[in-house]
Amino acid sequence: MSLTKTPAWQNLAEHANDVRQQHLKDIFAQDPQRGHRDQISAAGITANVSRQRILPQTWQYLYELAEQQQLSACIEKLFSGQPINHTENRAALHTALREQHDSGIVVDGYSVFEQVQTQLSRMSVLVDRIRAGQWRGFTGLAITDVVNMGVGGSDLGPHLAVSALQPTDSPIRVHYLSSMDGARTANLLASLSPHTTLFVFASKTFTTIDTLANAQTGLEWLMAHGASRELALKQHFIGVSTNVQKMTAFGIHPAHQLYFWDWVGGRYSLWSTIGVTIAIALGMDAFRTLLKGASDMDAHFHQTPIAENLPIRLALTTIWNRNFLGIHGKAILPYDARLNLLPAYLTQLIMESNGKSVDRAGNSISYRTCPIVWGEVGPNAQHAFYQLLHQGTEAAACDFIAPIHRPDIEQSADEATRDALRYQHQLALANLLAQSSVLMLGDAALDAPPTDPHKHYAGNQPSTTLLLEQLDAHSLGALIALYEHQTFVEAVIWNINPFDQWGVELGKQIAIKTLTALQEGQAESLDAATQALIATLNGQTL
Amino acid sequence: MNIVIYGHDYPALVTAASLASNGNFVTILPLDAPVNWTWQDTARKQSGLALLIEKQLETKRLVWGDLQSLPAYATSHVHILSLSAAVGDLSDNLVQQLSLLLREKTLLVTQTLHGVGRADAYQHCLKVAQSPAQVVVWPEFLSEGSAIAQFNRPDRIIIGTDNDWAINRMRDLLRPYNRARDMLLIMKPAAAEMTKYAINSLLALRVSAMNEFANLATSLGVDIEQVRQGIGTDPRIGFNYLYPGAGFGGPNFMADLSAILHTFSQQGIEAELLPAALRVNDHQQEILFSKVWQHYRTHLTGKTFALWGVSYKPDTATIEQASSLKLIDALLAQGVTLQVHDPKALVALSTYYPNHAQIKLCTDMYDACLGAHALLIMTEWKDYWSPDFDRINANLVEARIFDGRNIFDPEAIQTIGFHYHAVGRGNA
């Protein structure tokens, strides 16, 4: 039976006809208790979902939908390592990467916990050596700069974690190269010393063309500055991959190869040895704390009844907004500039997971799945796309995110600066509260509604506010895990596989053919637009 | 005069014993001494110091004091603060206590420094406590190893105070050391403090500059020794402190450099030269590691090297902030075993690396070479300048020397069959 024909879906569809007529300001006026009631906490994160256009009855119907879709059983399958990524016949065991104790999962006859711990130990040997200044470049100088070469999950995860947790006293500077074009590569290499630079070549398959191209350029750069190929590879590269053979073929020293497994999805890989760059920048203890934060959210997700379960409640708001209120967009709005990469990270996590249009059996589906996700640091976005949120014709659900405490402020040397920074934190929080309130109430936020239609605010825009105790390795781990599980629950409700990404393959295949055409100038077999562009790129006149 | 000296390190002991030998009655309070310290630990670092102290203890003009009896010492005319540069808090607390005790016509002399402006702060502290005592800056210029001679025949005596009575008092105290010609330079307290720091900063710049040139010379195949000779003949520059090598170190020198950088940052001024010199020095302290690393093409695991000299300079048992420690850490991290000889510093080394499986301490310098792949030299002890090369050659696996202090002549040593890698000279 199609999902839209099921009883739980039908109940929600009918109920939505009623709710759509109600404005959030009236919903709050009738039920002011919801402000407190619809606030739940887990693993150091508090979520207030009262500004969703959801009534107590709506929640009951949503819970019934979740039960109908056998959510509990699916969660069990996720945690126990069953091959729920059925199109690739793999488990999706990112939760096992952050397990604090062995839960006994075995894949292909091996203990997952033991394998994970072994790689963490190997990683910690390399990380400690680098941070102690005892990883030496080809001339014997200590490594001072690490360049993370990876794309997608191998780039975004480390980049997000390091920039969010902003190490001020790290002995190592970290840089990132992701895109294949090499335009940033040249600038970055010019600012580094080949004697003291180490490349982390991070690629799940170790065949990713983007990363391979950057690594090749890095290797050439080292050799052009006097390193032999042997020493350049031995002292200036760490490899991180599931593909040992390819790492060895490239020339990565066996002791400098870190492994992970095909049951780790790229967008879930920062918890694996892909996180080596995080550990280099922040230290192994901070990396383990990041894992612990995620693990605490896992335990909450795994064990908590549906009505108190943070990831499930948030996922159900997405389903409701997307499928029953017809809202196409979801904005990620952190009110903390250290989280400026969170929107980009979640864009990948959510859209690569749930941007699907066939169900698990391969049937076309008749309902909408993943929304368009985008975002920006909230105070910056206030000067950009908030106009559309407040007065546009497209509704969007917003996630407002902020830390409650800012212990980093107390690190500032003088009291005057500390006072000024405390004021800035209050200012940011006040703006967060004001924006979410105006989105909800519209003109009703004012004592007297404006008469000029250009100054009219419709309001009734749903949002969720997420407060972290403070932004640290633990809360960041928990926050990312919260979105991972939320995304998984959405996929379960939609009956889609969130762990594959077949949609990114075709373009890569065609690019191989196109590269030959571009190099040889023979584009006859390609489409007419490509032919015209190749001619222009090759300086031919048509 | 009755004098009280606060401190345990060699400047305190040399000052105390020398002043006592001239007839003063000196009480010494080693407040900053480590646990289980005995004065012999310090005297051992300094030739002649033990004998000098023993003699003065016998005359009873030199006695040991303790903090409990502080009020009893308050009547003394001169109180000299000679606490290690690293213990600013201890010094501040002591001055706080003394401010309540010191009376008319008393001097509070700061001999070791704790940043520019500290003396003025102390004077302010005395004023607040309504003590009439005068603070005087008398920076010590005593090098470890030759401190007694330098104390008795100083190149200069800098006195920082603007009080005439205090100047006369200091002149009187130092009369025995100021006979041939007047060495006294009188200036404001902060100027005296800054002079000391500026001298050490310029020395650091000079050495780092020479080291940078030495590395360029290596790359160019030029002998830095020829260049050094040429540079030194320019009278504007002179020959002192032009020796390239494996970096500078030592606890007091490095503490002084940190102190002046701290003063810069307190004033909101970003120092640029000194940090650059320190960065060069960071690399230079590991110069032998780089040479070894490149020579063996990074394959160091399992190798054994002989290491001669670990003290931060000759004639001292001190290894604190010595270049050798950076080299040792780097080699140990690569899985190298070291056979170490040092005439005085082996005890300190064994405390620093207790029971380390990769470090063997050798009391005989030739034993250190037994079965080693090469000999590394980090301190230019006299014992090493003219060794028995045949014995070295017989003991080493290969006749190869990495010399961080350029104590041999490349041509001569290569003639007798050694591969010789030095700083800015020898095999590249």
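The values are calculated or read from the model by the stated rules, or taken from the named source; none is laboratory data. Fair warning: this is a prediction, and the values are worked out from it, not measured in the lab. We place every Cβ from the backbone using ideal geometry, glycine too, and count neighbours over all the protein chains shown.
When we screen B:TYR366, B:TYR312, B:TYR353, B:TYR296 for residues that are closer than 18 Å to B:VAL423 by Cα, among the aromatic types (Phe, Trp, Tyr) and more than 14 Å from chain A (Cβ to nearest Cβ), the only hit is B:TYR312.
Note on the range A:130-144: residues that are closer than 10 Å to A:HIS195 by Cα, more than 7 Å from every other protein chain (Cβ to nearest Cβ) and not in a loop (DSSP other than H, G, I, E, B) total 1. Residues of the range B:360-372 being crowded, with 20+ Cβ neighbours inside 10 Å and touching a Ser or Thr at 6+ places or on another chain (Cβ under 9 Å), which ones? Hit for the range B:360-372 is B:ALA372, nothing else.
Inspect the range A:267-288 for any residue being surrounded by 21 or more Cβ atoms within 10 Å (Cβ to Cβ), modelled with pLDDT of 95 or more and within 14 Å of chain B (Cβ to nearest Cβ) and give the result as yes or no. No. So which residues in the range B:320-332 are within 11 Å of chain A (Cβ to nearest Cβ) and out of contact with any Phe, Trp or Tyr (no Cβ under 7 Å at 6 or more places or on another chain)? B:LYS326, B:ASP329, B:LEU332 - these are the residues of the range B:320-332 that are within 11 Å of chain A (Cβ to nearest Cβ) and out of contact with any Phe, Trp or Tyr (no Cβ under 7 Å at 6 or more places or on another chain).
Look at the range A:523-542: where a residue is among the hydrophobic types (A, V, I, L, M, F, W, C) and a partner is exposed (fewer than 10 other Cβ atoms within 10 Å of the Cβ) and not in a helix (DSSP H, G or I), sitting 6+ places away or on another chain with Cβ atoms under 8 Å, you get A:ALA532/A:LEU542; A:ALA535/A:THR541; A:ALA535/A:LEU542. For the range A:95-129, the set of residues classified as within 14 Å of another protein chain (Cβ to nearest Cβ) and not hydrophobic (A, V, I, L, M, F, W, C) consists of A:ASP128, A:ARG129, listed by residue number.
Within the range A:218-254, the set of residues being without any contact (Cβ under 8 Å) to a residue 40 or more places away in the chain and of a type in the set (A, V, I, L, M) comprises A:LEU219, A:MET223, A:ALA224, A:LEU233, A:VAL244, A:ALA249.
Select, from B:LEU257, B:LEU274, the only residue that is more than 17 Å from the chain's Cα centre (by Cα), among the aliphatic types (A, V, I, L, M) and away from chain A (no Cβ under 14 Å).
Numbers: B:LEU257 fails: more than 17 Å from the chain's Cα centre (by Cα).
Only one candidate qualifies: B:LEU274.
Annotation note: of A:LEU12, A:LEU78, the sole residue that is assigned to a helix (DSSP H, G or I) and either in the same structural domain as A:ILE401 (by TED's automatic domain parsing) or modelled with pLDDT under 95 (or both) is A:LEU12. On the given criteria, is B:PHE264 among the aromatic types (Phe, Trp, Tyr), surrounded by fewer than 19 Cβ atoms within 10 Å (Cβ to Cβ) and either in contact with a Ser or Thr (Cβ under 8 Å, 6 or more places away or on another chain) or assigned to a loop (DSSP other than H, G, I, E, B) (or both)? So B:PHE264 fails the test.
Among the residues of the range A:86-100, those identified as surrounded by fewer than 19 Cβ atoms within 10 Å (Cβ to Cβ) and under 16 Å from A:ALA491 (Cα atoms) are A:HIS86, A:THR87.
Within the range A:296-341, track down each residue that is within 30 Å of A:ARG129 (Cα to Cα) and surrounded by 24 or more Cβ atoms within 10 Å (Cβ to Cβ). Once the filter is applied, which keeps residues that are within 30 Å of A:ARG129 (Cα to Cα) and surrounded by 24 or more Cβ atoms within 10 Å (Cβ to Cβ), the range A:296-341 yields only A:LEU339.
Restricting attention to the range B:240-255, the residues that are within 21 Å of B:SER290 (Cβ to Cβ) and either touching a helix residue (DSSP H, G or I) at 6+ places or on another chain (Cβ under 6 Å) or free of Cβ contacts under 8 Å to residues at least 24 places away in the same chain (or both) add up to 5.
How many of the residues in the range B:22-58 are of a type in the set (Ser, Thr, Tyr) and modelled with pLDDT of 95 or more?
Filtering the range B:22-58 down to residues of a type in the set (Ser, Thr, Tyr) leaves B:27, B:38, B:42, B:47.
In the following step, the residues that additionally are modelled with pLDDT of 95 or more were identified as B:27.
Looking only at that region, the number is 1.
Here B:MET183, B:MET187 are screened, and the one residue that is surrounded by fewer than 19 Cβ atoms within 10 Å (Cβ to Cβ) and touching a Lys or Arg at 6+ places or on another chain (Cβ under 6 Å) is B:MET183.
Restricting attention to the range A:381-395, the residues that are surrounded by fewer than 19 Cβ atoms within 10 Å (Cβ to Cβ), in contact (Cβ under 8 Å) with a residue 24 or more places away in the chain and outside any loop (DSSP other than H, G, I, E, B) total 2. Residue selection: A:ALA491 fails the criterion of being buried (at least 21 other Cβ atoms within 10 Å of the Cβ), assigned to a helix (DSSP H, G or I), in contact with a Gly (Cβ under 6 Å, 6 or more places away or on another chain) and touching a residue at least 40 places away in the same chain (Cβ under 8 Å).
Within the range B:317-366, the only residue that satisfies the criterion of being under 21 Å from B:THR42 (Cα atoms), in contact with a strand residue (DSSP E or B) (Cβ under 6 Å, 6 or more places away or on another chain) and assigned to a loop (DSSP other than H, G, I, E, B) is B:TYR353.
Looking only at the range B:191-228, how many residues end up being among the charged types (D, E, K, R) and in contact with a strand residue (DSSP E or B) (Cβ under 8 Å, 6 or more places away or on another chain)?
First, the residues of the range B:191-228 that are among the charged types (D, E, K, R): B:193, B:196, B:206, B:212, B:223, B:225, B:228.
From the residues that got through so far, the ones that are in contact with a strand residue (DSSP E or B) (Cβ under 8 Å, 6 or more places away or on another chain) too are B:193, B:196.
Counting residues in the range B:191-228 that are among the charged types (D, E, K, R) and in contact with a strand residue (DSSP E or B) (Cβ under 8 Å, 6 or more places away or on another chain) gives 2.
Return a yes/no flag: does the range A:454-461 have any residue that is crowded, with 21+ Cβ neighbours inside 10 Å and either in the same structural domain as A:GLN39 (by TED's automatic domain parsing) or within 27 Å of the chain's Cα centre (by Cα) (or both). Give the derivation first.
Taking the range A:454-461 and keeping what is crowded, with 21+ Cβ neighbours inside 10 Å, we get A:461.
Those still in the list that are either in the same structural domain as A:GLN39 (by TED's automatic domain parsing) or within 27 Å of the chain's Cα centre (by Cα) (or both) too: A:461.
Yes, some residue in the range A:454-461 is crowded, with 21+ Cβ neighbours inside 10 Å and either in the same structural domain as A:GLN39 (by TED's automatic domain parsing) or within 27 Å of the chain's Cα centre (by Cα) (or both).
It is to be established whether one or more residues within the range B:314-329 are free of Cβ contacts under 8 Å to residues at least 12 places away in the same chain, out of contact with any Leu (no Cβ under 6 Å at 6 or more places or on another chain) and in the same structural domain as B:ALA412 (by TED's automatic domain parsing). For the range B:314-329, residues free of Cβ contacts under 8 Å to residues at least 12 places away in the same chain, out of contact with any Leu (no Cβ under 6 Å at 6 or more places or on another chain) and in the same structural domain as B:ALA412 (by TED's automatic domain parsing): present.
Is there a residue being assigned to a loop (DSSP other than H, G, I, E, B) and crowded, with 23+ Cβ neighbours inside 10 Å anywhere in the range A:235-254? Yes. Between B:ALA306, B:ALA246, B:ALA317, the distinction of being within 14 Å of chain A (Cβ to nearest Cβ), among the small types (Gly, Ala, Ser) and buried (at least 20 other Cβ atoms within 10 Å of the Cβ) belongs to B:ALA246 only.
Every listed requirement among (1) in a loop (DSSP other than H, G, I, E, B); (2) out of contact with any Phe, Trp or Tyr (no Cβ under 9 Å at 6 or more places or on another chain); (3) not charged (D, E, K, R) is met by B:ALA16 save one, (1).
In the list B:THR38, B:THR59, B:THR27, B:THR42, which residue meets the criterion of being within 18 Å of the chain's Cα centre (by Cα) and of a type in the set (Ser, Thr, Tyr)?
Working: B:THR38 fails: within 18 Å of the chain's Cα centre (by Cα); B:THR59 fails: within 18 Å of the chain's Cα centre (by Cα); B:THR27 fails: within 18 Å of the chain's Cα centre (by Cα).
One residue alone meets the criteria, B:THR42.
Residue-wise test of (1) part of a loop (DSSP other than H, G, I, E, B); (2) small (Gly, Ala, Ser); (3) at pLDDT 95 or above.
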position	(1), (2), (3)
B:GLY230	no, yes, yes
B:ASN240	yes, no, no
B:PHE248	yes, no, yes
B:GLY268	yes, yes, no
B:LEU274	no, no, yes
B:VAL280	no, no, yes
B:LEU288	no, no, yes
B:LYS291	no, no, yes
B:LEU300	yes, no, yes
